[in-house]
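The values are calculated or read from the model by the stated rules, or taken from the named source; none is laboratory data. Quantities reported herein were computed from a predicted structural model and do not represent experimental measurements. When we count neighbours, we look across all protein chains shown, and the Cβ atoms used for this are built from the backbone with ideal geometry, even at glycine. Accessible surface areas use protein heavy atoms only, side chains included; no ligands, DNA or RNA. Shrake-Rupley method; radii C 1.70, N 1.55, O 1.52, S 1.80 Å.
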Amino acid sequence: MAGLNITVPTNFTSVLKDLSFLKSSQQVNMAYRGLYGKDSATSLLNNVDNAVSKQITSVLTRTPEKLTFKKGLFSFVGPGADSVSATGIRAAVPVSYMIADGIPVSLAVSFRNITKVKEAFRRTYPIATFYYAQNGAELTSAPMLCIAAYIDDSNNHRICAWSGSIADAKDNLAEQCSVPVDFASGDIINAVVSRDAAGLVTLVVKAGNAEPLTAQFKFAKATNLAAETATEAAVTYGSMNSRTLTSGEIAIGEFWPRQVLTADEMKGEAELLYLRSISRI
């Protein structure tokens, strides 16, 4: 799908309720879409029905006592510090389903009202995260890809992407793949990230009704370091167990386990995420 340019006034209160006729980028290769809110059972449904979606082995809550389900989204309270468990909603596929060479993958998220106080020596805090897991536990050496909140030393807010290991995330490289959007905004923010087999990462972010912004950076090629011990390739929407968030609200999560999206496809997806999220909230 080519880039989709849709303008909806910010004061537009009557929106389409059924957007099923709008097809997502690489719809046949999307494995998962979570449309969150109402209650836990509704939020754990996979709203994709195709051959790839059959690869999803589980959709579950992480630290459910810190989740609150509302109209069109869920809110979360993070662990408060590095913890054994993430906080949010998690979907997974078998590690064997991933492409081992470079581990190409794409994911997207709609969120708002992320809060975080900067930690000493850390600037990058994941909001939507792909990683390898062993029996449900996150592996720090995994070939991670995330959409993250970024806080510089002057407390300026951005949204960034990081590709690599969460254990040794390089904040200066994450900043190279970032856009000047305040993650704490009350507007719905729609972000899409994609990594190709060579390590090139593209990030597209649409804040409210603004035009999408794009950043791109070539990280080191993702390696299968954790593949021998990992049992699942997972994506979590919410706070990870390291570089945690304080709180936030998540409306939609999407996951393409093997697919590289073009920049135009990502811009189109960000526009669709915006329409879907504001039609539900």
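Using a probe radius of 1.4 angstrom, the carbon and sulfur fraction of the accessible surface of segment 151-241 is 48%. Structural size metrics of the chain, computed from C-alpha coordinates, are Rg and Dmax of 16.7, 51 Å. Placing +1 on the Cβ of every Lys and Arg and -1 on the Cβ of every Asp and Glu, with no other charges, gives segment 66-160 a dipole of roughly 500 debye about its Cα centre. What the chain shows is 39 Å² of accessible area per residue, with the surface traced by a 1.4 Å probe over protein heavy atoms.
Along the axis of the charge dipole computed for the chain (Cβ charges of +1 for Lys and Arg, -1 for Asp and Glu, origin at the Cα centre), the listed residues S24, F69, A174 are led at the positive end by F69.
Using only Cα atoms, locate the centre of segment 195-221 and the centre of segment 29-58, then give the distance between them in Å, rounded to an integer. Computed from Cα coordinates, the inter-centre distance equals 24 Å.
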